[in-house]
Amino acid sequence: RRAPERVAGLCVMAANSGAPRPEQYAAWREMDGLIADGRFADVVERTLPDMFPDRSATPEGARRYRDMAHAVGPAAARAQLAAQATRTDAAGALRTVRCPTVVLAGARDTLCPPTFHRVIADAVPGARLTLLPDA
């Protein structure tokens, strides 16, 4: 947005171009409060289902997600929640993109489903949407 002349190409993955909904703000505030109260593990468990197709993690997938989340830690999780809350609707900006653009989406992504990516690809002139079938 700041220097489009410096962008040779754009790849958008696992994204949502829309502004957060009121229920998302509320959920993020609640999760932030839990983390602030020392209940980071509760937030990890709460978010775990959304990381897997059909909201169903294999035991190995759940272990890997928990390990990753705890390696990142509560401070980074709170920073991510705060950053998410600053997201704005990007539709107008997407329509101004003038470089080759590919939009990649996991066909089974429950957090940022293909419908989100179709909106992005439709907004960027000439963008190509690629669905990854097993992702």
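The values are calculated or read from the model by the stated rules, or taken from the named source; none is laboratory data. Just so it is clear, the structure is predicted and the values come from calculations on it, not from any experiment. Because the Cβ atoms are built from the backbone with ideal geometry, glycine has one as well, and the counts that use them run over all protein chains shown. Heads up: the accessible areas ignore ligands, DNA and RNA and are worked out on the full protein's heavy atoms, side chains in. Shrake-Rupley method; radii C 1.70, N 1.55, O 1.52, S 1.80 Å.
Quick notes on this one:
- If you filter the stretch 57-70 down to residues that are open to solvent by less than 90 Å² (accessible area, probe 1.4 Å) and farther than 16 Å from residue 111 by Cβ, you find that the one that is modelled with the lowest pLDDT is 58.
- Residue count for the stretch 71-84 satisfying the condition of being farther than 21 Å from residue 13 by Cβ and surrounded by 13 or more Cβ atoms within 10 Å (Cβ to Cβ): 2.
- Members of the stretch 31-62 that are aromatic (Phe, Trp, Tyr) and assigned to a helix (DSSP H, G or I): 40
- Matching option when the condition is exposed (fewer than 13 other Cβ atoms within 10 Å of the Cβ), among the hydroxyl-bearing types (Ser, Thr, Tyr) and either part of a strand (DSSP E or B) or under 15 Å from the mean Cα position of the chain (by Cα) (or both), among 96, 88, 110: 88
- Of the criteria (1) open to solvent by 40 Å² or more (accessible area, probe 1.4 Å); (2) in contact (Cβ under 8 Å) with a residue 12 or more places away in the chain; (3) not aliphatic (A, V, I, L, M), which one residue 122 fails: (2)
- Qualifying residue in the stretch 70-85 (condition: of a type in the set (Gly, Ala, Ser), part of a loop (DSSP other than H, G, I, E, B) and in contact with a Cys (Cβ under 9 Å, 6 or more places away or on another chain)): no
- Scanning the stretch 6-30 for residues that are assigned to a loop (DSSP other than H, G, I, E, B) and in contact (Cβ under 8 Å) with a residue 24 or more places away in the chain turns up 7, 8, 9, 14, 15, 16, 17, 18, 19, 20.
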